[in-house]
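Have a look at the structure below, then the notes.
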Amino acid sequence: MTEKKTSLSRRNFFKNAGIAAGTLVAVSTLPAFDAVLVAAVKRNTKGPWYGIAIDIEKCIGCGTCAKTCKIENNVPQEPFFFRSWVEQYTIKKDGTLKVVSPNGGIDGFTQSIPAEEIEKTFFVPKMCNHCYKSPCIQVCPVGATYETDEGIVLVDEKYCIGCKYCIQACPYGCRYFHPEKHVVDKCTLCFHRIKKGLNPACMDNCPTKARISGDLNDPESAISKFIRTKNVYVLKPHLNTGSKLYYNALNQEVR
Amino acid sequence: MPLHLKRLFMTGVVFVSLFFLLKHALTPDSFGQYGHYRGNSMAEIAALPVHYTGNSSCVSCHDTIITMKSESYHSDLSCEGCHGAAYKHIASPKTEKLMKPDSREFCGKCHSINLARPEKAIVQVNIKDHHPEKNCIKCHNPHQP
Amino acid sequence: MNPEFEQLYQALSKVDGYIYPNEIELSWSILIVLYPFITGLVAGAFILASLERVFNVKSLKPTYVIALLTSFAFLLVATMPLIFHLGQPLRAWEIMITPHLTSAMAIFGFVYLWYLMIVLVLEIWFDYRYDLVIWARAATGLKKWLYIALSLGSDDTSAKSVKLDQKLGYIVTVIGIPSAFLLHGYVGFIFGSIKANPWWSTVMMPIIFLFSAMVSGIALVMVLFIVINHIRKQKIDMLCLDTIAKYLFYIIIIDFTMESLDQIHRFYEAEESFEIISLLISGHLNFTLLIMQIGIGMLLPLFTLGFLQFYKPKETLRKNIYLVTGILVLIGIFFMRWNVVIGGQLFSKSFLGFTSFKLSLIGPEGFLMASIWLIVPFFILAFLLWLFPPWKKTPAEH
């Protein structure tokens with residue numbers, strides 16, 4: 001009698017474990033499967049496909065890009081919210097690295113490290129990379145951030161619930177929580193200007209024309225020529241974000 | 001089936017129907033038009049006002065100075081990069097004036113010596129030593145440097 | 001000056017190294033630490049209840065209903081910290097209406113509402129229906145109408161229906177077990193799937209969260225079992241208590257092994273983020289991680305419970321040791337959530353510096369607000385125990 005009971009309870013155990021495991025496996029594939037689809041996103045080959053190119057060899061660290069971006073897009077002036085900023089890298093002769101970005105570079109830069117200790121130093125402007133396999137779009141729970149058909153990543157400020165998951169997911173630190181609107185905000189590649197045939201404000205006002213944006217699908221565009229002729233790099237390529245911000249002469253130390 | 005189970009089932013049906021009704025009612029109209037987002041959002045962002053109107057908006061009144069600048073080292077510079085956003089000035093040119101920067105620090109933002117500045121990108125000077133007693137524009141015309 | 005900015009300027013002055021300019025302020029604060037803690041208690045308590053029902057662990061019978069009601073009380077509160085943390089809390093419904101299925105957070109809408117809530121409600125209902133009918137007949141006034149409504153106007157006390165209730169309850173429990181795993185597994189996945197953050201991004205994260213949830217849930221039921229019996233001045237079922245403690249001991253071992261494996265792996269591979277993470281652990285997190293989470297929250301209970309497996313002191317002493325150990329475990333698991341959520345945001349994604357975090361006392365994301373969400377479930381549980389007293393139930397044969 002006890003034997004039948006134990007074999008019954010053992011059978012029950014396996015049955016239950018099977019149900020549990022099966023359900024777990026089945027349901028667990030749901031979000032992951034979509035993620036695989038995200039990673040396999042094909043780039044748009046018809047119509048304009050916007051990318052950005054920044055030439056490190058031309059950037060003089062004047063901070064005009066960061067300043068005009070804030071004014072053009074009504075970004076709060078406090079040093080905690082940036083759609084675009086500039087970093088100064090200093091690699092010392094002893095191998096140590098120092099990076100600064102005082103107020104995002106808006107007030108310019110000084111060099112506190114004595115010249116004789118410096119091995120290499122340069123400026124790196126940063127902004128949203130408008131990734132086409134963007135981890136920030138992937139994690140938005142409601143569909144408040146998205147990529148347009150032209151490859152520009154935008155935030156719907158009327159729909160964003162302010163959960164800040166996208167801020168956590170962006171590997172480049174491009175997003176911030178707007179203190180007045182109480183939603184997430186970030187660089188829009190001046191979508192409102194592009195739609196009127198203008199360039200983004202940061203690019204129009206850069207004195208050395210170190211940053212350009214344009215149609216990656218047009219082989220004659222300035223950006224396509226930039227990518228063809230220079231050694232271009234994206235930030236954190238190992239994360240496979242599909243970043244469309246191409247740097248010329250990016251040093252390996254840049255984060 | 002016992003009565004209470006029938007009622008339980010009906011309660012479930014009512015809740016599920018309510019949920020789908022609410023879902024249909026609350027989903028914004030343009031949602032899903034182009035993807036999993038509100039289609040109208042793009043138009044809303046595109047309608048935002050432009051603050052930096054660009055060099056072309058300055059030419060109609062300030063053509064002399066712009067012609068002078070276009071034949072100088074500063075030819076590639078935007079007017080607004082130094083003078084600030086022009087949208088208010090374009091709207092009411094007599095009452096809204098742009099700033100005319102003249103401090104040494106302002107010119108120094110681009111031109112002061114910094115090892116991180118590529119030498120072939122811009123000419124640099126040590127603003128602490130180079131004629132500290134006067135403003136840069138006393139000798140260097142910013143529109144014809 | 002806007003007081004919010006004052007805090008940020010202070011944080012700016014405390015920046016150590018380089019951080020991206022947008023990283024000064026931590027996006028996720030104590031409310032987001034609370035959420036996995038509370039859902040962990042929900043999942044853990046539910047799994048303990050399921051252990052008894054599905055795997056027929058008879059000695060755990062006295063805690064079955066308490067575990068279910070505890071799970072339910074905390075589940076009712078679980079979303080509150082989340083909603084209060086949102087920048088636009090009035091838009092919270094959007095997660096239910098237009099969930100973005102590539103987002104682990106959107107899955108929350110489904111797992112929370114459709115799965116665990118329904119499973120839990122049904123399981124409690126099937127277990128209590130017969131008693132609700134009996135109590136409805138005996139009660140008067142508002143309580144009577146409450147019982148009638150909750151039993152859906154049922155007047156059926158036949159043995160056949162009771163048997164059907166138990167069968168259906170059993171099926172619901174079995175279906176519900178994955179839901180408990182999912183509820184907390186997905187919370188772990190929310191962190192574990194963020195490739196941008198190396199402190200979070202690990203395959204082990206959902207598993208670690210799940211096992212630490214079970215640890216916290218079992219510890220909570222153990223503590224509540226002792227406290228409730230003390231308040232009711234009842235003699236406690238020591239076999240039951242010993243069994244709970246035994247399961248707690250086993251699950252702590254598994255949880256500790258998982259967490260250690262994760263860290264050992266990280267230290268061994270020493271990837272790009274290794275240096276900044278080492279600084280994080282030895283610096284900002286040395287109190288909350290090394291002392292509170294590991295030392296007091298895990299190692300001390302582990303050795304205590306392990307010792308008690310071999311030598312069992314007298315009943316009263318044993319009970320008090322269990323009580324203190326359970327509370328220490330709960331504190332330790334809270335700090336585990338703290339270290340994951342807050343720790344992951346203290347270092348910059350540039351791996352070159354740290355920002356700082358200051359927990360304010362008042363304010364929407366302050367200590368007092370967080371305490372409210374921790375205390376309210378106990379009031380709810382007290383209400384549930386008053387409305388559905390487990391000790392007045394007709395003993396059912398599961």
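The values are calculated or read from the model by the stated rules, or taken from the named source; none is laboratory data. None of the values given here were measured: they were computed from a predicted structure. Using ideal geometry, Cβ is built from the backbone for each residue, glycine included, and neighbour counts are taken over all protein chains shown.
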- Query: Which one of these is surrounded by 12 or more Cβ atoms within 10 Å (Cβ to Cβ), more than 14 Å from chain A (Cβ to nearest Cβ), under 27 Å from B:THR53 (Cα atoms) and out of contact with any Gly (no Cβ under 6 Å at 6 or more places or on another chain): B:ILE122, B:ILE137?
  - Reply: B:ILE137
- Note on the structure: For A:PRO207, the lone unmet condition from (1) within 16 Å of A:ILE52 (Cβ to Cβ); (2) in contact (Cβ under 8 Å) with a residue 60 or more places away in the chain; (3) assigned by TED's automatic domain parsing to the domain that holds A:LYS92 is (1)
- So which residues in segment B:22-72 are in a helix (DSSP H, G or I) and of a type in the set (D, E, K, R), if there are any at all? B:LYS23, B:GLU44, B:ASP63, B:LYS69
- Query: Quick one: is B:ILE113 β-branched (Val, Ile, Thr) and modelled with pLDDT of 95 or more?
  - Reply: no
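Residue-by-condition table, conditions (1) closer than 15 Å to C:VAL65 by Cβ; (2) surrounded by fewer than 19 Cβ atoms within 10 Å (Cβ to Cβ); (3) more than 31 Å from the chain's Cα centre (by Cα); (4) not hydrophobic (A, V, I, L, M, F, W, C):
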site: C:VAL119; (1), (2), (3), (4): no, no, no, no
site: C:LEU122; (1), (2), (3), (4): yes, no, no, no
site: C:ASP127; (1), (2), (3), (4): yes, no, no, yes
site: C:TRP135; (1), (2), (3), (4): yes, no, yes, no
site: C:LYS143; (1), (2), (3), (4): no, yes, no, yes
site: C:THR157; (1), (2), (3), (4): no, yes, yes, yes
site: C:GLY169; (1), (2), (3), (4): yes, no, no, yes
- Please find, within segment C:91-117, the residue that is surrounded by the most Cβ atoms within 10 Å (Cβ to Cβ) out of those that are more than 9 Å from every other protein chain (Cβ to nearest Cβ) and of a type outside the set (Phe, Trp, Tyr). C:LEU116
- Message: Can you find a residue that is farther than 30 Å from B:LYS109 by Cβ, modelled with pLDDT of 95 or more and at the interface with another protein chain (Cβ under 7 Å from one of its Cβ atoms) anywhere in segment A:199-206?
- Response: no
- Message: Quick check on C:GLU397: is it surrounded by 14 or more Cβ atoms within 10 Å (Cβ to Cβ), at pLDDT below 95 and assigned to a loop (DSSP other than H, G, I, E, B)?
- Response: no
- Query: Among the candidates C:ILE226, C:ILE190, C:ILE218, which residue alone is outside any loop (DSSP other than H, G, I, E, B), touching a residue at least 24 places away in the same chain (Cβ under 8 Å), surrounded by fewer than 24 Cβ atoms within 10 Å (Cβ to Cβ) and among the β-branched types (Val, Ile, Thr)?
  - Reply: C:ILE226
- Message: Restricting to segment A:138-187, and then to whatever is among the hydrophobic types (A, V, I, L, M, F, W, C) and more than 8 Å from every other protein chain (Cβ to nearest Cβ), can you tell me which residue is farthest from C:ILE107 (Cα to Cα)?
- Response: A:CYS187
- Item | Counted residues, segment A:94-143 - those being touching a residue at least 40 places away in the same chain (Cβ under 8 Å), in a loop (DSSP other than H, G, I, E, B) and either in contact with a strand residue (DSSP E or B) (Cβ under 8 Å, 6 or more places away or on another chain) or not charged (D, E, K, R) (or both) | 9
- Selection from segment A:166-187 of residues in contact with a Cys (Cβ under 7 Å, 6 or more places away or on another chain) and not hydrophobic (A, V, I, L, M, F, W, C) yields A:ARG175, A:LYS186
- Message: From the list B:PRO118, B:PRO49, exactly one residue is of a type outside the set (Gly, Ala, Ser) and assigned by TED's automatic domain parsing to the domain that holds B:CYS136. Which is it?
- Response: B:PRO118
- Item | Candidates B:GLU133, B:GLU119 - the one that is under 20 Å from A:THR90 (Cβ atoms) and assigned to a loop (DSSP other than H, G, I, E, B) | B:GLU119
- Task: Please work out if C:VAL77 is touching a residue at least 12 places away in the same chain (Cβ under 8 Å), facing chain A (nearest Cβ under 8 Å), surrounded by 19 or more Cβ atoms within 10 Å (Cβ to Cβ) and in contact with a helix residue (DSSP H, G or I) (Cβ under 8 Å, 6 or more places away or on another chain).
- Result: no
- Working carefully through the options B:CYS82, B:CYS107, find the one that is outside any loop (DSSP other than H, G, I, E, B) and either exposed (fewer than 12 other Cβ atoms within 10 Å of the Cβ) or under 18 Å from the mean Cα position of the chain (by Cα) (or both). B:CYS82
